[in-house]
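Structure first, commentary second.
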Amino acid sequence: MDIYLIRHTRTDTHKGLCYGQSDVALAKSFPEEAHELQQKLPGLKANSLLFSSPLTRCVKLAEKLSDNVITDARLMELDFGDWESKRFNEIDPTVLQQWTDNFVDGAPPNGESFIDLCQRAGSFWQDMVCRKKPASEQILIITHAGVIRALLAHILKLPPANAFQFQVDLGSVHKIQHLDDFTYINYINL
């Protein structure tokens with residue numbers, strides 16, 4: 001089965017805004033960016049499945065690709081808790097530095113750690129890919145950079161801290177193949 005991890009396109013946010021699970025709008029350039037992204041993908045097969053984070057920036061892209069979109073909250077970006085919709089320069093620098101030094105196990109106030117995100121992304125992987133329920137030859141997953149990194153680390157059995165060695169650009173596609181209970185990485189960050 002072919003699996004495509006797809007990051008949403010650009011958002012209409014100011015640089016430096018913390019918006020993990022905040023439901024922000026897409027940039028005005030969305031139609032052009034969505035078209036460019038579609039050129040990176042093969043045609044959808046009859047039994048394709050398309051999963052999406054429930055956040056608008058993913059759902060709108062998913063709906064451009066298919067009329068049959070399954071949303072799953074486990075595909076949402078990291079929950080930054082009290083920091084959501086704040087600029088990073090508005091966050092207490094000492095607290096921000098403490099989190100930066102221990103983002104894998106530490107969480108922003110009332111948010112979640114990267115380990116938490118890895119666990120829910122891993123749960124999604126187990127349910128939808130490893131158990132093959134429902135079966136499909138092709139799965140598209142529209143999600144966020146943090147989730148893509150968490151899934152790649154899960155698949156490759158890497159320590160979560162190493163997930164940030166993967167570059168995950170806006171509007172990027174990452175192809176994985178799952179055959180005979182083995183998972184291959186075909187390409188990253190196309």
Could you please find all residues in the stretch 2-16 being surrounded by 16 or more Cβ atoms within 10 Å (Cβ to Cβ) and in contact with a Lys or Arg (Cβ under 9 Å, 6 or more places away or on another chain)? Asp2, Ile3, Tyr4, Leu5, Ile6, His8, Thr9, Thr11
Using the structure shown, decide if Asp72 is surrounded by fewer than 16 Cβ atoms within 10 Å (Cβ to Cβ) and either of a type in the set (S, T, N, Q) or on the phi < 0 side of the Ramachandran plot (or both). no
In the set Ser172, Ser136, Ser123, Ser85, which member is hydroxyl-bearing (Ser, Thr, Tyr), touching a residue at least 60 places away in the same chain (Cβ under 8 Å) and surrounded by fewer than 17 Cβ atoms within 10 Å (Cβ to Cβ)? Ser85
If we scan the stretch 178-188, do we find a residue that is touching a Phe, Trp or Tyr at 6+ places or on another chain (Cβ under 8 Å), within 19 Å of Asp2 (Cα to Cα), modelled with pLDDT of 95 or more and not in a loop (DSSP other than H, G, I, E, B)? no
Might you let me know whether the stretch 107-117 holds any residue that is free of Cβ contacts under 8 Å to residues at least 12 places away in the same chain and touching an Asp or Glu at 6+ places or on another chain (Cβ under 6 Å)? yes
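The values are calculated or read from the model by the stated rules, or taken from the named source; none is laboratory data. The shown structure was predicted, so the numbers you read here are calculated from the model rather than taken from an experiment. Neighbour counts run over all protein chains shown; Cβ positions are idealised from the backbone, glycine included.
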